[in-house]
Amino acid sequence: MAKRPSTVFVCQECGSQSPKWLGRCADCGAWNSLVEERAPSEDAGGGAAGAHRYAPAGASGGARLYSDIEIEQHARISTGIDEFDRVLGGGVVPGSLVLLGGEPGIGKSTLLLQAAANMARTAGAVLYSSGEESEHQIKSRGERLAVGRAPLYLLAETCLERILEEIARIRPALVIIDSVQTVFSLKFQSAPGSIGQVREAATQLLFTAKGQNIPTFLVGHITKDGSLAGPKALEHVVDTVLYFEGERHHSHRVVRAVKNRCGASSELGVFEMTSTGLRPVPNPSQMFLAERPVNAPGSAVLCSVEGSRPILVEVQALVSSSTYGNARRMASGIDQQRLTLLLAVLEKRAGLNLIGDDVFVNIAGGVTVDEPASDLGVVAAIASSVRNRVIPATTAMFGEVGLAGEVRGITQATLRVREAAQMGFRRCIMPAANIDPDARLKGSRSEEANIDPDACLPPSRQGRSGEPRPGSPGPQAVGGGSEGGGCELIGVRTVGEALDALLE
Ligand code: TYD
Ligand code: MG
């Protein structure tokens, strides 16, 4: 019987080694820091760099002069799904390793099977290796997705060495590993999913991807606390990290790039789960605003920018007197700490009395917005609920709120206003600094941050703070698009001014 390659347990904090697993490192005292790793083999000794188990596939050939290195033009391969290409930065880069994380049942396998089928049709053979489903299960899913007769190879396998053999045999144009937590290497004794195994699998697949220029997708599961299981170590290894977001009870799904060496990060793709797989949503603002209540206090529309794309979302707030002494503050879709901060600003700077009130804030549709420009929308929705006053249905807003109650300028204002105008909004409440380049904040922001009023304003309607505004427009179906594309811009300097403009 072949001798099993020996492994050692290495402390991730201090690097000390132990022949067996220990709960606490004997050297540095760190808890739960020992991870199984392959021991350096004796025959690999002698100091030859090429013999190291993690030596790169090709000879590096020593250092080269910067000016001697030619730029490689990577032709990106389209996945055949627009929204997916967008998150990836315009398609799949040959030789890149992409990690797709998300909760169970959110649609990771579905999306990758759809992309695999499309790429098999256009780019050549695709290997879909699953450790979670049998070939029959994958095929019956593929029937719903209309995979057809593309050269798509299915492999129900969890052994890393076998998967690598199949890659060498088929030489596919794309490899998908569903999921990296089910893959185990024969060289390690630890169970699949343990950090040592996951890291080994990712590293070996990285070498294959880079060495043979095969783009590879890894599916990663998310633990209960929301982080990728098989830890952050994996995020360093891969080129791109994508997260699947969304609620299982909603049909829409969002794929977000949190790291991308081959494109813009925080780029966003929006999908809808249908009976025939994931369908790209070309106009997310329209979808997120589709069920907006008419004439309801506590509802505000904010213009957020995710990656390069502006998206309008509805923020809802409900403020009601607390039954028990302890007031509750709940946020979903925005950061809880940020909500606490904004409530304090509202109390202190806008004179709202919220002590003894429960405050609930929700971004409709289960999306998450985490940029500071969403502050003004949150503040407006809360004030609207407290005062029981409706924000006009054709008003959108954005702006960062500071601790002194000031509304600060933000980036990409033009993009936001243009999206609001396109979606039929007629008024935009925004930081004064973004309208008037001579505002106080000039110099602290780049010129692009300041809006070009001609880009989105008809000359007759240049709005300025304090100017009389036309009567409040009645509720209008969102998504209709205003013919002129005109949107009145109202610049505000403080939260107080913003609330006066919003809640007449
Ligand atoms: P799946 O891709 O298996 O999720 P993951 O790989 O992230 O665990 O998605 C499974 C869910 O998607 C399941 O609840 C059924 C639903 N679904 C559809 O609604 N339509 C479809 O065409 C398919 C294939 C799945
Ligand atoms: Mg799956």
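No value in this document is a laboratory result; all are computed from the given coordinates. Bear in mind the structure is a predicted one, so any value in this text is a computation, not a measurement. We place every Cβ from the backbone using ideal geometry, glycine too, and count neighbours over all the protein chains shown.
Cross-link reach is defined here as a Cα-Cα straight distance under 19 Å, omitting same-chain residues fewer than 8 places apart; for LYS20 the aspartates and glutamates meeting it are GLU36, GLU37, GLU200. How would region 128-222 be classified by its alpha-carbon gyration tensor: rounded, prolate or oblate, with rounded meaning a/c under 1.5 and the a/b versus b/c comparison settling the rest? Here region 128-222 falls in the oblate category.
Computed from phi, the 3J(HN,Hα) profile of region 275-292 under the Karplus parametrisation 6.51, -1.76, 1.60 (θ = phi - 60°) reads 6, 10, x, 7, 10, x, 10, x, 10, x, 4, 4, 5, 5, 9, 4, 9, 5 Hz, with x in place of Gly and Pro. Shown is the FRET efficiency for HIS250 and TRP31, computed with R0 = 35 Å from the Cβ-Cβ distance and rounded to the nearest 0.05: 0.35.
Would you tally the net charge around GLU291, using a Cβ to Cβ cut-off of less than 15 Å, leaving GLU291 out, and scoring K and R as +1, D and E as -1? Net charge in that neighbourhood comes out at -2.
Given their separation in residues at 0.36 nm each and the Cα-Cα distance between them, GLU13 and LYS259 gain 86.1 nm when the chain is fully extended. When Rg and the Kirkwood Rh are both derived from Cα coordinates, the Rg/Rh ratio for region 276-349 amounts to 1.06. A cut-off under 13 angstrom between Cβ atoms defines the neighbours of GLU371, and their net charge, with Lys, Arg +1 and Asp, Glu -1, is 0. Rounded, prolate or oblate: which one fits region 47-192, using the alpha carbon gyration tensor with axes a ≥ b ≥ c (rounded when a/c is under 1.5, else prolate when a/b beats b/c, else oblate)? Here region 47-192 falls in the oblate category.
Ignoring aspartates and glutamates fewer than eight residues from LYS210 along the same chain, the ones with Cα atoms less than 13 angstrom from its Cα are ASP239.
Charges were assigned to the Cβ only: +1 to each Lys and Arg, -1 to each Asp and Glu. The resulting dipole of region 49-197 about its Cα centre is roughly 200 debye. Pairs of alpha carbons in region 279-423 separated by more than 22 Å make up 35% of all such pairs. For region 113-213, the set of trypsin sites (Lys or Arg not before Pro) satisfying both a DSSP loop assignment and a count of at most 15 other C-beta atoms within 10 Å is given as ARG149.
Taking square-rooted eigenvalues a ≥ b ≥ c of the alpha carbon gyration tensor, is region 160-289 rounded, prolate or oblate, where a/c under 1.5 means rounded and, failing that, a/b exceeding b/c means prolate? Here region 160-289 falls in the prolate category. By the beta-carbon count within 10 Å of each Cβ, the least crowded to most crowded order of HIS252, HIS136, fewest first, is HIS136, HIS252.
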